[in-house]
Amino acid sequence: MKEIVLSGIRSTGNLHIGNYFGALRNFIRMQDTSNCFFFIADLHSLTTHPDPENFHKNVKTVLAEYLASGLDPEKSVIFVQSTVPEVSELYTLMNMWSYVGELERTSSFKEKVRKHPNNVNAGLLTYPVLMATDILIHKAHKVPVGKDQEQHLEMSRVFARRFNNMYNVEFFPEPAAYNFGTDLVKVPGLDGSGKMGKSEGNGIYLTDDEKTVHRKVMRAVTDSGPVNPDAPMSEPVQNLFTILQIVSDGEVVRFYEEKYKSGGIRYGDMKKQLAEDICKITLPIRERILEIQGNDKYLDEVVKYGAEKARASASKTLAGVKEIMGFKWF
Ligand code: ADP
Ligand code: TRP
């Protein structure tokens, strides 16, 4: 049996090239070797009370971007969380074997309480229970997550183990975090330090047009030029080389590395090349995003098809749980 890989995607904001090269591109490859589930966590996004229009728009945006990038509804199960009512039912049951104390101790919960003291809703407290439900309902083996989600994943293992022990069964496998091993890349931001991120304002988005990509790259922070080529490269310049290594051909990278070493590099030239190479990858995706966003009929078909496949898998698990727990109809 192929291993089951599951990834949940928060439906907030557009995807930047950090998301693409750091996660999405690996998802696309995994579709050929694993049994993949990719879903949009729209229920999770309700903790922040989006207005109905934005709530819907965000789901549509993320779905279109993932499809345009190469997630394939024929190869993987691509679905929206709320179209699988079995998730909500198992979540109710899972709440019975998760404890308020452990939920209150979760770092993400404590941070939310600190940052948004006026919106400490119960959904926020049980966020990890819903996330564990997402994972366990498909009996996933591997869950690609970033650092900020590791604690939630550990809680999923705790809940799985607790259920198995409580009912003396081997029902749920314990899901493992997965970080793509040697395929893992970290895309730095254009502001000279740190990684590219949505909230940092230092990113290039898959929906950026050619002009915008060029403008952003040309404005990226550098330094005043290599003073001594043997000294360590400054962080902003190192970051540009890192992005170049991700998007450009080896030959291009070597050319600029040589230029740097000889002290004759012109950052403007390198940035121009970098912008062109980014565009080569992102512009075709951008075109597909616009096309898919204009095709509600296709999106509707994808969502229905995904829901059907996800529900088949989810209802099997839910039925198993209920049988173990003693639900019986006379
Ligand atoms: P953001 O909030 O910055 O868009 P998320 O935290 O939602 O990013 O991450 C979504 C996925 O994209 C995760 O798998 C994460 O590891 C990956 N990711 C985000 N930023 C980067 C980056 N700069 N480089 C590599 N991967 C990234
Ligand atoms: N909490 C995850 C995030 O913020 C999204 C998510 C919801 C998820 N359910 C999941 C991720 C299940 C992996 C598996 O990014």
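Could you grab me the full set of residues in the stretch 250-268 that are free of Cβ contacts under 8 Å to residues at least 12 places away in the same chain and farther than 24 Å from Lys195 by Cβ?
Here is the first cut: in the stretch 250-268, the ones free of Cβ contacts under 8 Å to residues at least 12 places away in the same chain are 250-251, 254-255, 258-259, 264, 266.
Across the stretch 250-268, the qualifying residues are Glu251, Arg254, Phe255, Glu258, Lys259, Gly264, Arg266.
If you go through the stretch 123-140, how many residues are away from ligand 1 (no atom under 15 Å from the Cβ) and open to solvent by 40 Å² or more (accessible area, probe 1.4 Å)?
Adding up the residues that qualify gives 1.
Which residue, of Asn19, Asn14, Asn26, is within 12 Å of ligand 1 (Cβ to nearest atom) and not in a helix (DSSP H, G or I)? Outline the logic, then answer.
Details: Asn19 fails: not in a helix (DSSP H, G or I); Asn26 fails: not in a helix (DSSP H, G or I).
That would be Asn14, the only listed residue that is within 12 Å of ligand 1 (Cβ to nearest atom) and not in a helix (DSSP H, G or I).
Does the stretch 166-181 hold any residues that are free of Cβ contacts under 8 Å to residues at least 24 places away in the same chain and over 21 Å from the mean Cα position of the chain (by Cα), and which are they? Lay out the reasoning, then the answer.
At the first step, the residues of the stretch 166-181 found to be free of Cβ contacts under 8 Å to residues at least 24 places away in the same chain are 168, 170, 174, 181.
Scanning the stretch 166-181 gives Asn168, Glu170.
Could you check how many residues of the stretch 271-310 are touching an Asp or Glu at 6+ places or on another chain (Cβ under 6 Å) and more than 30 Å from Phe255 (Cα to Cα)?
Looking only at the stretch 271-310, we keep the residues that are touching an Asp or Glu at 6+ places or on another chain (Cβ under 6 Å), and these are 279, 289.
So of that shortlist, the ones also more than 30 Å from Phe255 (Cα to Cα) come out as 289.
Within the stretch 271-310, residues that are touching an Asp or Glu at 6+ places or on another chain (Cβ under 6 Å) and more than 30 Å from Phe255 (Cα to Cα) number 1.
Go through the stretch 32-45 and count every residue that is in contact (Cβ under 8 Å) with a residue 40 or more places away in the chain and within 16 Å of Leu63 (Cβ to Cβ).
Final tally of qualifying residues: 9.
Out of the stretch 114-145, which residues are in contact with a helix residue (DSSP H, G or I) (Cβ under 8 Å, 6 or more places away or on another chain) and either free of Cβ contacts under 8 Å to residues at least 12 places away in the same chain or among the hydroxyl-bearing types (Ser, Thr, Tyr) (or both)? Let's see the steps before the verdict.
First pass over the stretch 114-145, keeping only residues in contact with a helix residue (DSSP H, G or I) (Cβ under 8 Å, 6 or more places away or on another chain): 119-121, 123-139, 143-145.
Answer for the stretch 114-145, where residues must be in contact with a helix residue (DSSP H, G or I) (Cβ under 8 Å, 6 or more places away or on another chain) and either free of Cβ contacts under 8 Å to residues at least 12 places away in the same chain or among the hydroxyl-bearing types (Ser, Thr, Tyr) (or both): Val120, Thr126, Tyr127, Thr133.
Given the structure, is Leu71 within 16 Å of ligand 1 (Cβ to nearest atom), modelled with pLDDT of 95 or more and part of a loop (DSSP other than H, G, I, E, B)? Write out each step before concluding.
Numbers: within 16 Å of ligand 1 (Cβ to nearest atom): yes; modelled with pLDDT of 95 or more: yes; part of a loop (DSSP other than H, G, I, E, B): yes.
So Leu71 passes the test.
Could you say which residue among Val143, Val185 is farther than 22 Å from Lys110 by Cβ, within 11 Å of ligand 1 (Cβ to nearest atom) and open to solvent by less than 40 Å² (accessible area, probe 1.4 Å)? Even if it seems obvious, please write down each step before you answer.
Working: Val185 fails: open to solvent by less than 40 Å² (accessible area, probe 1.4 Å).
Val143 is the lone residue from the list that is farther than 22 Å from Lys110 by Cβ, within 11 Å of ligand 1 (Cβ to nearest atom) and open to solvent by less than 40 Å² (accessible area, probe 1.4 Å).
Restricting to the stretch 9-52, name every residue that is within 10 Å of ligand 2 (Cβ to nearest atom) and surrounded by fewer than 19 Cβ atoms within 10 Å (Cβ to Cβ).
Of everything in the stretch 9-52, those that are within 10 Å of ligand 2 (Cβ to nearest atom) and surrounded by fewer than 19 Cβ atoms within 10 Å (Cβ to Cβ) turn out to be Arg10, Thr12.
Please count how many residues of the stretch 167-182 are more than 16 Å from ligand 2 (Cβ to nearest atom) and open to solvent by less than 60 Å² (accessible area, probe 1.4 Å). Don't jump to the end; show me each part of the working.
Within the stretch 167-182, the subset more than 16 Å from ligand 2 (Cβ to nearest atom) is 167-171, 181-182.
Now restrict to residues that are open to solvent by less than 60 Å² (accessible area, probe 1.4 Å): 169, 171, 181.
Total meeting the criteria: 3.
Being assigned to a loop (DSSP other than H, G, I, E, B) and over 29 Å from Leu24 (Cα atoms) is the filter here; which residues of the stretch 112-162 pass it? Even if it seems obvious, please write down each step before you answer.
First, pick out the residues of the stretch 112-162 that are assigned to a loop (DSSP other than H, G, I, E, B): 116-121, 126, 137-141, 145-146.
The answer is His116, Pro117, Asn118, Asn119, Val120, Asn121.
Output the number of the condition that Asp148 fails; it satisfies all remaining conditions of (1) touching a helix residue (DSSP H, G or I) at 6+ places or on another chain (Cβ under 9 Å); (2) charged (D, E, K, R); (3) away from ligand 1 (no atom under 16 Å from the Cβ).
With (1) touching a helix residue (DSSP H, G or I) at 6+ places or on another chain (Cβ under 9 Å); (2) charged (D, E, K, R); (3) away from ligand 1 (no atom under 16 Å from the Cβ) applied to Asp148, the lone miss is (3).
Scan Phe55, Phe79 and give me the residue that is outside any loop (DSSP other than H, G, I, E, B), open to solvent by 40 Å² or more (accessible area, probe 1.4 Å) and of a type outside the set (Asp, Glu).
Details: Phe79 fails: open to solvent by 40 Å² or more (accessible area, probe 1.4 Å).
Criteria check complete, one pass: Phe55.
The values are calculated or read from the model by the stated rules, or taken from the named source; none is laboratory data. Note that this is a predicted model, so its numbers are computed, not measured. Please note: Cβ atoms are built from the backbone with ideal geometry, for glycine as well, and neighbour counts cover all protein chains shown. SASA here: full protein model, heavy atoms, side chains in, ligands and nucleic acids out. Shrake-Rupley method; radii C 1.70, N 1.55, O 1.52, S 1.80 Å.
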